[in-house]
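Peer 1: Structure below; questions to follow.
The values are calculated or read from the model by the stated rules, or taken from the named source; none is laboratory data. Being a predicted model, the structure only gives us computed values, none of them experimental. All Cβ positions, even for glycine, are placed from backbone atoms using ideal geometry, and neighbour counts span all protein chains on display. Just so you know, the surface numbers come from the protein's heavy atoms only, side chains and all, with ligands and any DNA or RNA stripped out. Shrake-Rupley method; radii C 1.70, N 1.55, O 1.52, S 1.80 Å.
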Amino acid sequence: MAQLDAILAHIDSELEGSLERLFQLLRIKSISADSAYADDCRAAARWCADTLSAMGIEAAVRDTIGLPMVVGHYRGAGESAPHVLFYGHYDVQPVDPLELWTRDPFDPAIVEVDGEKRILARGAADDKGQLMTFFEAARAWLNVEGRLPVNLTVLLEGEEESSSPSMVPFLTENADELKADVALVCDTNMWDRRTPAVATMLRGLVYDEVIVEAASHDLHSGLYGSAARNPIHVLADILSGLHDSDGRITIPGFYDGVAEPTAEQRALWQALDFDSAAFLGDVGLSIPAGEAGYSVLEHIWARPTAEVNGVVGGYAGEGAKTVIPAEASAKVSFRLVGEQDPDRVRDGFRNFVKDRLPGDCRVRFIDHGGDRAISQPSDGPWIRTAQQALSDEWGCEAALIGMGGSIPIVTQFKHMLGMDSLLIGFGHADDRVHSPNEKYNLDSYHRGTRSWARVLAALGA
Ligand code: BES
Ligand code: MN
């Protein structure tokens, strides 16, 4: 197809300009979890809306109860062309611990490691680099052909990394405007360096904060030690009881709705020939820690989790301070699979804590959101079309994979708009998303852009 070849050649020759645009976005400190960066988040939304509008995709920053969305529309492909919705998020995770970064997280650069060029910055992979692969593919289509082969709605959010509190109200209010034939989401990984992938499963998430209080104020640990209840001990004891010695989660009813992987899934995943030793070895580990009886791939794709994400309590400054603190707290999250119900998981956890709380202690909880897992059929027409386009770009068959992470909106698209999502991304397991020194391979960026140009062509054909 001469037309597609010209678009791909345009992407190749314009790579430098494309990177400059990506770097502009990466320089904006759009950390959604920290309200000190709310203006930066708005600046990132404005940058995205302006960039889309300048390309010919009329876009606006849209206020919500929280951080704004960006919504854009393109209707130039004609009545009979399919209508797709592209979703991405312009917010990023906090950067701490800052001292572990080899450079300023908001001063992007290309660095060469092991013969591989990498874009280093917070958000390089999650999700600014990924969303820009789609923007730049659309730009190439519009520059070369003067049109897109599909009608397009763009929806970008700025609270994905903070459980998307504004998403449900926004989708409810704008359902008619946002509904399309299928959603395209660029926020997931490839199978490996050479093999592209379409993800068909995402885990859900419940996030809760628990605060245990005992004495009315911090106490001298000599004056009160052994007479006064220590809330750190209480909390540590409860948290350590979340798993039994086989790694199974002990909350009553927790596994309701969790199904074993089917024989078909097991066979498919077996055929992927996953190197679990390398997967763990890359992060300095060697022994799978989850429930006995499951492979590492089953652990991350098909099993639920209970993880303590942070514990706070008592004195953690320099030197020694003898104190029994008045309170201790923990952030605890659960990855969900199958039909697990977020509300029941949250209730189960809270009851588990309350049942183990000794006298003289009080407990409070803060709800940080929750969403169900999502699983989509792997043989739909959209998936097959996209799979072929990806295979054409990468020269090998695109894998159908699960993903252990969560993208809450995909569940909402399905339940609120009745819309399936095509989960196509070009990240790698070693991108250090949410960590210091986040990176996105230049190859992911460049060939990711080329991939979307091909997917758009295939969807429009
Ligand atoms: N892009 C990630 C999800 C992801 C991670 C996909 C790794 C593929 C590989 C997404 O932005 C993310 O981190 N989501 C959060 C959601 C939460 C804050 C509601 C997550 O999974 O922790
Ligand atoms: Mn993301």
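Peer 1: Calculate, in nm to one decimal, what Gln3 and Asp114 gain on full extension: separation in residues at 0.36 nm each, minus their alpha carbon distance.
Peer 2: 36.4 nm
Peer 1: At a probe size of 1.4 Å, how large is the accessible area of Asp367, to the nearest 10 Å²?
Peer 2: Number for this one is 90 Å².
Peer 1: Please work out how much accessible surface Glu397 shows to a 1.4 Å probe, ignoring ligands, DNA and RNA, in Å² rounded to 10.
Peer 2: Per-residue accessible area (Glu397): approximately 140 Å².
Peer 1: Ordering Ser13, Ser163, Ser80 by how much accessible area each has at a 1.4 Å probe, largest first, what is the list?
Peer 2: Ser80, Ser13, Ser163
Peer 1: Using the heavy atoms of the protein chains and a 1.4 angstrom probe, tell me the accessible area per residue for region 201-267 in square angstrom.
Peer 2: 52
Peer 1: Given Ala277, Ala292, Gly314, which one lies farthest toward the positive end of the charge dipole of region 265-334, if we put +1 on the Cβ of every Lys and Arg and -1 on the Cβ of every Asp and Glu?
Peer 2: The one lying farthest along the dipole's positive direction is Gly314.
Peer 1: Taking loop as defined by DSSP and a crowding limit of 14 other beta carbons within 10 Å, which trypsin sites (Lys or Arg not before Pro) in region 84-191 fit?
Peer 2: Arg103
Peer 1: In addition: To the nearest 500 deg cm²/dmol, what mean residue ellipticity at 222 nm is calculated for the chain from DSSP H runs of n ≥ 4 alone, each contributing -39,500 (n - 2.57), summed and divided by the residues?
Peer 2: -10500 deg cm²/dmol
Peer 1: Follow-up. Between Glu264 and Ala429, take the C-beta separation as r, use R0 = 25 Å, and let me know the FRET efficiency to the nearest 0.05.
Peer 2: After rounding to 0.05, the efficiency reads 0.55.
Peer 1: Residue separation times 0.36 nm, minus the C-alpha to C-alpha distance between Ile366 and Phe279: what's the value?
Peer 2: Net length gain for the segment: 27.9 nm.
Peer 1: Are there any helices in the chain, counted as whole DSSP H runs, that stretch 15 Å or more along their axis by Cα and score at least -0.5 on average by Kyte-Doolittle, and if so which?
Peer 2: Helices meeting the criterion: 2-13, 15-26, 38-55, 128-145, 442-460.
Peer 1: Next question. Per residue, how large is the accessible surface of region 1-146? Use a 1.4 angstrom probe and give square angstrom.
Peer 2: 42
Peer 1: Based on the Cβ-Cβ distance from Ser391 to Asp218, what FRET efficiency comes out when R0 is 51 Å, to the nearest 0.05?
Peer 2: 0.25
Peer 1: Take every Cα pair under 8 Å in region 293-440 that's 6+ residues apart, average their separations, divide by the length, and report that relative contact order as a whole percent.
Peer 2: 18 percent.
Peer 1: With a point put 7 Å past each Cα toward its Cβ, work out how far Tyr315 is from Asn351 in nm, to one decimal.
Peer 2: Between Tyr315 and Asn351, the simple spin-label model gives 4.1 nm.
Peer 1: Now for a separate question. Please give the residues of region 305-326, grouped as numeric ranges, whose backbone N is less than 11 Å from a label point set 7 Å along the Cα-to-Cβ vector of Ala33.
Peer 2: 309-310
Peer 1: Can you give me the accessible area per residue for region 279-326, using a 1.4 Å probe, in Å²?
Peer 2: With all protein chains present, region 279-326 gives 58 Å² per residue.
Peer 1: For the chain, what's the relative contact order in percent, using C-alpha pairs closer than 8 Å and at least 6 residues apart?
Peer 2: 26
Peer 1: Using label points projected 7 Å from each Cα along Cα→Cβ, tell me how many nm separate Asn143 and Val308, to one decimal.
Peer 2: So the two model labels end up 5.2 nm from each other.
Peer 1: Follow-up question, since we're still on this one. Which aspartates and glutamates have a Cα lying under 18 Å from the Cα of Lys414, excluding residues fewer than 8 positions away in the same chain?
Peer 2: Glu157, Glu160, Glu173, Asp176, Glu177, Asp181, Asp187, Glu339, Asp341, Asp371, Asp379
Peer 1: What part of the accessible area of the chain, given as a whole %, is carbon or sulfur when the probe is 1.4 angstrom?
Peer 2: 48
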